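Q: Below you will find the structure I want to go over with you.
The values are calculated or read from the model by the stated rules, or taken from the named source; none is laboratory data. Treat the numbers as computed from the prediction; the structure is a model and nothing was measured. We place every Cβ from the backbone using ideal geometry, glycine too, and count neighbours over all the protein chains shown.
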Amino acid sequence: MAIEGKDSAQTRPIRLGMVGGGKDAFIGAVHRIAARIDGEYELVAGALSSTPAKAQESGRALGLKEDRIYDSFQDMAKREARLKDGIEAVAIVTPNHMHYPAAREFLKRGIHVICDKPLTSTLADAKKFVKAAESSDALFFLTHNYTGYPMVRQAREMVASGELGTIRIVQVEYPQDWLTVEQHNKQADWRTDPARTGLGGSTGDIGTHAYNLACFITGEQAETLAADLQSFVPGRKVDDNGHVMLRYASGARGMLWCSQVAPGNENNLKIRVYGDKGGLEWHQEDPNYLSFTPFGKPKQILTRGGAGMLGSVASATRIPPGHPEGYLEGFANLYKDAAEVIRARQAGKDVASLVPGIADGLAGVRFIDACVRSSAKNAAWVKLDG
């Protein structure tokens, strides 16, 4: 029997829109590349800047049709929801303070949302965001992209299966150096402006990634923390360095360091997890390898796609071992997994996914809030609540 192609929700690319991410925006380009890698999406509409002229210029540069380039996300949400061929999902890649108002417009119209992290710039908005997502028929995904790396998913499964035993120690750090001196450019300006980024600087920008990575791999969230935050660059209004101690309900203890003023560190995210049976270590800048050491036995170096890689992780890798995969492919895994969930929903089904969601987003904002509260109290222990 011949197999005929047809333009169904299961065979054609998902129609994608984007809010933010226009000209000169680093993360917008990353999202577009990630969405294209597996052919699961087609970008058909965008409100790519809060500046109308830049929004129009950016849309034309991306080849969008003139009537699908919008000057505001409000106009985009309203019109796209009415179109027969309107967007089915939207990627939100704005500064933090605009995540909630933009997402709300699409969620209430049944359009699935793929949102950059952190969830919002304030805990109050995060709580409103949760209500908006839970009351919508649309799906919500949060792009903590490091959860898409194959060897991170391998580490998660190894912890869950008990290969490390009872988890005792979690060490995670994320140092960078690009804000070591005062900077004035598009990327630095909003990240150091508390009105747009929120009260957390490095804690919100990269500390949330480190915290989420620890939560993802261990399956645990901290109950209390003690944070010592600093703003080393004179006049900077948000932290650029943070040391955080973590206590878990299981009895495990953790330490998290995030910094954007550590010369020699480009994007040096790494994590070490130790249990009573063994330990593991993963470095983002060398992501194709995972170190695992059973107690009393030689260290093992597990490779992406190689011997020892779990079959359940295989779908997260595309090419044979020895051909490096990295940041973009990991990011693309989130888009691919989100597409699977969206297509299942369109078919009236629900499937499980490893892509972070609204609960993970709230946990991240609670982490930022607790760090700021603790540091204001001379690094006192505080609960992650609210």
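Q: Can you find even one residue in region 157-165 that is closer than 30 Å to Gly251 by Cα and surrounded by 24 or more Cβ atoms within 10 Å (Cβ to Cβ)?
A: Of all residues in region 157-165, those closer than 30 Å to Gly251 by Cα come to 157-165.
After this cut, where a residue has to be surrounded by 24 or more Cβ atoms within 10 Å (Cβ to Cβ) as well, the list is 164.
Yes - at least one qualifying residue is present in region 157-165.
Q: Identify, please: which residue in region 9-22 is surrounded by fewer than 16 Cβ atoms within 10 Å (Cβ to Cβ) and not polar (S, T, N, Q) and is, among those, nearest to Ala332 (Cα to Cα)?
A: The residue in question is Arg12.
A quick yes/no check of all residues on (1) surrounded by 18 or more Cβ atoms within 10 Å (Cβ to Cβ); (2) under 16 Å from Ala45 (Cβ atoms); (3) charged (D, E, K, R); (4) in contact (Cβ under 8 Å) with a residue 60 or more places away in the chain:
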residue: Ala77; (1), (2), (3), (4): yes, yes, no, no
residue: Ile92; (1), (2), (3), (4): yes, yes, no, yes
residue: Lys108; (1), (2), (3), (4): no, no, yes, no
residue: Ile114; (1), (2), (3), (4): yes, yes, no, yes
residue: Leu123; (1), (2), (3), (4): yes, no, no, yes
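Q: Just to be sure I understand, how many residues within region 328-351 are β-branched (Val, Ile, Thr) and modelled with pLDDT under 95?
A: Keep residues of region 328-351 that are β-branched (Val, Ile, Thr), which gives 341-342, 351.
With modelled with pLDDT under 95 added as a condition, the list becomes 351.
The total comes to 1.
Q: Suppose we filter Glu340, Glu325 for residues that are within 18 Å of Gly39 (Cα to Cα) and in contact with a helix residue (DSSP H, G or I) (Cβ under 9 Å, 6 or more places away or on another chain); which single one remains?
A: Working: Glu340 fails: in contact with a helix residue (DSSP H, G or I) (Cβ under 9 Å, 6 or more places away or on another chain).
Answer to the check: Glu325.
Q: How many residues does region 124-157 contain that are out of contact with any helix residue (DSSP H, G or I) (no Cβ under 9 Å at 6 or more places or on another chain) and either within 30 Å of Pro324 (Cβ to Cβ) or of a type in the set (A, V, I, L, M) (or both)?
A: Quick first cut of region 124-157, residues out of contact with any helix residue (DSSP H, G or I) (no Cβ under 9 Å at 6 or more places or on another chain) only: 124, 131.
Applying the additional criterion that residues be either within 30 Å of Pro324 (Cβ to Cβ) or of a type in the set (A, V, I, L, M) (or both) yields 124.
Of the residues in region 124-157, 1 are out of contact with any helix residue (DSSP H, G or I) (no Cβ under 9 Å at 6 or more places or on another chain) and either within 30 Å of Pro324 (Cβ to Cβ) or of a type in the set (A, V, I, L, M) (or both).
Q: Which one of Thr197, Thr218, Thr224, Thr203 is in contact with a Cys (Cβ under 9 Å, 6 or more places away or on another chain) and in the same structural domain as Cys258 (by TED's automatic domain parsing)?
A: Values: Thr197 fails: in contact with a Cys (Cβ under 9 Å, 6 or more places away or on another chain); Thr218 fails: in contact with a Cys (Cβ under 9 Å, 6 or more places away or on another chain); Thr224 fails: in contact with a Cys (Cβ under 9 Å, 6 or more places away or on another chain).
Testing whether each residue is in contact with a Cys (Cβ under 9 Å, 6 or more places away or on another chain) and in the same structural domain as Cys258 (by TED's automatic domain parsing) leaves just Thr203.
Q: Could you give me the residue pairs with C-beta distances under 6 Å whose first residue belongs to region 222-244 and is in contact (Cβ under 8 Å) with a residue 40 or more places away in the chain, whose second residue is among the β-branched types (Val, Ile, Thr) and in a strand (DSSP E or B) wherever it lies, and which are 6+ apart or on separate chains?
A: The qualifying pairs are Leu225/Val244; Ala227/Val244.
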